[in-house]
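Since the structure comes first, as structure tokens, the remarks are kept for the end.
Just so it is clear, none of the values below were taken in a lab; they were calculated from the coordinates. Predicted model, so just to flag it, every value in this text is computed and none were measured. No Cβ is skipped: glycine too gets one built from the backbone with ideal geometry, and neighbour counts run over all protein chains shown.
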Amino acid sequence: MSTLLWEIDHEGVKANLFNGVDPNSENGKLLAKWFPSTDIHRLQGTHHRASCTNVYETKDGRYFHKHGSMNPDPSLDSIGLPHDMDQPSVEASWNPFIEKIGKIESDDMQRIASDEYKQAGTICWTREEYKNSEHGKANAHVGLFEIRHHPNNTQIAIWWPETEQTSPKRPLAGLKIVDITRVIAAPTIARGLAELGASVMRITPPHLQDYSSLHCDLNWEKWNTHLDFRDKDDLEKAKELIRDADVVVTGYRPGVLDKYGLGNDGIRELVKDRSRGIIIARENCYGWHGTWSYRSGW
């Protein structure tokens, strides 16, 4: 991400992730107009809900990074806490979590979070512990990315079409990208491509929460549309966009998009009869190898 700092006001409001922009201020109203909140689950609505995402000590003396994701309710259910509680301060809101998680062994907490409730969260491993784990060893050969070639004799390797905007400053102008991502990590990938000139269409579902406070950054230079893949017509619109695209970027948990025909194999099937191939970039928190690859993550 790129950042531009205009000025520092030492007398200004102490801003952080939780207070953000005053919604009643002029800037707050403008922000809400162009980037309406999608916080339908009140992710950080109270100290209690926000503190679901934190690191807490377990019964066996280890530490577990509990995570509320975009909706803390399942994570709160997993340790028997109510969906909300009145707390006078952030510090006070930690106490119920300290008490509950302090009675659970770290391995049990991992099983409850990952397998029973399908929530993000992990035991806090040291670097050496991770490297020596089964999952760490399964991913030891992987760098920042892997490239897998799926040859098709009818699709020759070609460049994308140049446009009037294609230049050294915008070398990707003419490249069409479908961005099927949420939250932070995967949207950042396509944002960088957009800054280099690519035409990016980001697809988000209207019924799922997103980090709308970051849309002004992560949607920079993108087109945006709401499509609900459960709707037959919306799903077909998404497939039409993919048939015309050069690149598809996805960031959902492994297997989630398969049921819509938008997994790795499904996307290749959509474009198998055209003259050029397609690049599929998939981002996954735990990688594509090993026993943790299925886990939800941030």
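Details
- Cα pair distances in the chain, grouped into 5 Å bins until the bin that holds the longest one, percent each: 1, 5, 9, 13, 14, 15, 14, 12, 9, 5, 2, 1, 0, 0
- For Lys222, a cut-off of 21 angstrom between C-alpha atoms picks up these lysines, skipping any fewer than 8 places away in its own chain: Lys33, Lys169, Lys176, Lys237, Lys239.
- Euclidean distance between Cα centres, segment 53-121 to segment 208-261, Å: 30 Å
- Taking the longest Cα principal axis of the chain as reference, the axis of helix 185-195 is set at about 40 degrees.
- Ignoring aspartates and glutamates fewer than eight residues from Lys29 along the same chain, the ones with Cα atoms less than 17 angstrom from its Cα are Asp39.
- On a per residue basis, the convex hull of the C-alpha atoms belonging to segment 176-282 measures out at 91 Å³.
- Protection proxy ranking, peptides 186-193, 234-241, average beta carbon neighbours within 10 Å, highest first: 186-193, 234-241
- Over the C-alpha atoms of segment 47-124, the Rg to Rh ratio, Rh being the Kirkwood estimate, stands at 0.93.
- Packing-based ranking of 244-252, 206-214 yields 244-252, 206-214, ordered from highest to lowest mean Cβ neighbour count within 10 Å.
- Angle in degrees between helix 90-101 and the longest Cα principal axis of the chain, rounded to the nearest 10: 90 degrees
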